[in-house]
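Just below is one structure, and these are the notes that go with it.
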């Protein structure tokens, strides 16, 4: 089976050669440079209306290296390059996507209600740090109970190591991870094991090194809006239709040409758009139109604004997104586990148990509520009407680990019984659970911020990284801040590589057993009941105790009783139903005695008609 996404730009292989097309409205002339054999050839490109330049060359073929040449002699890679083997400043390579023979013709995806997501960074997940390395670990994920892996961004970034959020060639898998064919093989191998594959994409900015769009396509950006990365992407001004088209084609390209099962959209709150037709709605509608009824494709947002209006009432709803990362649930749980109140955790320090209960049963903790961290501004929209699976919950992810000065994980900062209680809540709650690589065996490796910039930029990144922690009390001392890892150092990247040899060691095997056991229960008892789930959620707080329940899609009732503190709680109200899981050996006795030890979680289920 062949898969290829035809685009109105970039290099497209056809019967008469290769058509090269680039949008360069800020350039008066543009030429194509074709590399050898022998001397490179520079061929003028024809200008057409709207700032486009185009040429079809019979001398080009799959594997040909090429650049675009501006009138001042600057040579730039194709912004729609499918592969840049010599990094972001090098020549692009013509790729014939139809050359890959897909063997997963019958794969149509999996229902969203059954999703258990596993976020990973390709470069540090395995010793190899490649797509092929991830492929070799797929059996581990399947056997764990994971149903979807989510790759942190793989779009070509400068250097050999990066989180992925500094990508500049958004259509080219980074060559340090492998070739486009290697990524396709990974996706195909995952599908053979019944695993979905999601990709994290970044449309709110380009990285600071290797982005040449400013030289020939200035309307790609606008000074009317600003983001933490500078001038915003132009989504609502003159020429914004072409800019939107670029990103929409990028999403369709990954879904069609690489057969991904879904996308996670990074920080959409930084997409500033005052147009009457919101870009996000246009993007989602284009993807739903492509998928039609023949594929299940899932779309996930990261959105600090907590905009419930972007989330559909049912998976696949046209113009909407399936789910959002639920930072509220994470932050409340983190405060309960660690007692930390720095930065954005300050919004959760006063009533974390209350906010956790609301996040688990109503979606957002902040639903048009004032945020002290944001200067008292109202944050969020009402979300109780949404299904529980419209929210992706997690204890750890790349941000929540990497935003810490040393990138330390919860196994370093939370007591084991507290962490086990939180894991039990995460994996059995009706919301979609997400793990971060290595979490399942209590991996001790940090996940600090790392990159591979040169010269002055590298120094600025290091200074900025250390400077951002100066407002925290424990980092006021400059000597202490100097211990924060240098993002550009090889050692910082190397420290994040997972050590797979420890899984069977005594301190790690129990964590593996816990995650496998809970995910087996979820797959057997919870996930099959989530379809058509609506309403019927509530929570209550009684001193140290959190109680919550949900009416599931088959009319069964799921109950949570949790004491998320070290002290015992004596106000337990008995509930009906069979015990699905408990962190203590004799939960029925504890419930009868109306006392619950510290850091105890009990899940029960009332079957319909019983």
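Read-outs: derived from the displayed coordinates by stated rules, not from any lab. Just so we're clear, the structure is a prediction, and the values are computed from it rather than from any experiment. Neighbour counts run over all protein chains shown; Cβ positions are idealised from the backbone, glycine included.
What Kirkwood radius, in Å to one decimal, follows from the Cα pairs of segment 434-531?
Values: mean 1/r = 0.0602 Å⁻¹.
Answer for segment 434-531: a Kirkwood hydrodynamic radius of 16.6 Å.
Relative to the present Cα-Cα distance, how much length would full extension add between residue 277 and residue 517 at 0.36 nm per residue of separation?
81.8 nm
Students often check this: by mean Cβ neighbours within 10 Å, which of 76-89, 52-65 ranks highest, and how do the rest follow?
76-89, 52-65
Would you mind pulling out the separation of the Cα centroids of segment 400-467 and segment 37-92, in Å?
Using only Cα atoms to place each centre, the spacing works out to 40 Å.
State the volume of the convex hull built on the alpha-carbon positions of segment 469-610, expressed per residue in Å³ and rounded to an integer.
Each residue corresponds to 218 Å³ of Cα convex hull volume.
At q = 0.17, 0.21 Å⁻¹, what is the log10 ratio I(q)/I(0) for segment 165-263, with the Debye formula run over Cα points and no solvent?
Reported log10 I(q)/I(0), two decimals: -0.84, -1.11.
For segment 365-515, what is the convex hull volume of the alpha-carbon atoms per residue, in Å³?
Each residue corresponds to 158 Å³ of Cα convex hull volume.
Restricting to the chain, what percent of DSSP beta bridges are antiparallel, rounded to 5? Walk me through the numbers before you get to the answer.
Details: 61 of 88 bridges.
Just about 70 percent of them are antiparallel.
Is segment 379-463 best put as rounded, prolate or oblate by its Cα gyration tensor, with a ≥ b ≥ c the root eigenvalues, rounded for a/c under 1.5, and otherwise prolate when a/b is larger than b/c, oblate when not?
Details: a/c = 2.93, a/b = 1.53, b/c = 1.91.
Judged from the Cα gyration tensor, segment 379-463 comes out oblate (a/c at least 1.5, b/c at or above a/b).
Report Rg/Rh for segment 1-160, rounded to two decimals, where Rg is the Cα radius of gyration and Rh the Kirkwood radius.
1.06
Under a no-solvent Debye model with one identical scatterer per Cα of segment 26-114, what's log10 I(q)/I(0) at q = 0.25 Å⁻¹?
Result of the Debye calculation: -1.38.
Determine the shape class of segment 532-606: with a ≥ b ≥ c the square roots of the Cα gyration tensor eigenvalues, call it rounded for a/c under 1.5, and otherwise prolate if a/b is greater than b/c, oblate otherwise. Spell out each step's value before the answer.
Numbers: a/c = 2.37, a/b = 1.65, b/c = 1.43.
In terms of gyration-tensor shape, prolate.
For segment 86-162, what is the largest minus smallest coordinate of the Cα atoms on each principal axis, given in angstrom and ordered from greatest to least?
The principal-axis extents, from largest down, are 42, 30, 21 Å.
Please compute the alpha carbon radius of gyration of segment 335-435, then divide it by the globular-protein estimate 2.2 N^0.38 Å. Two decimals is fine.
So the Cα radius of gyration is 1.10 times the expected 2.2 N^0.38 Å.
Of all the Cα-Cα pairs you can form in segment 219-319, what percent are over 18 Å apart?
Of all Cα-Cα distances in segment 219-319, 49 percent exceed 18 Å.
Ranking 212, 290, 118 by Cβ neighbours within 10 Å, fewest first, what do you get?
With the sparsest Cβ surroundings first, the list reads 290, 212, 118.
Please rank 437, 540, fewest neighbouring Cβ atoms within 10 Å first, as an exposure proxy.
Exposure proxy ranking, most exposed first: 540, 437.
Counting other beta carbons within 10 Å of each residue's own, what order do 377, 569 fall into, fewest first?
Final ranking by Cβ density, sparse to dense: 377, 569.
Report the calculated FRET efficiency for residue 378 and residue 470 (r = Cβ-Cβ distance, R0 = 41 Å), to the nearest 0.05.
With a Förster radius of 41 Å, E is 0.90.
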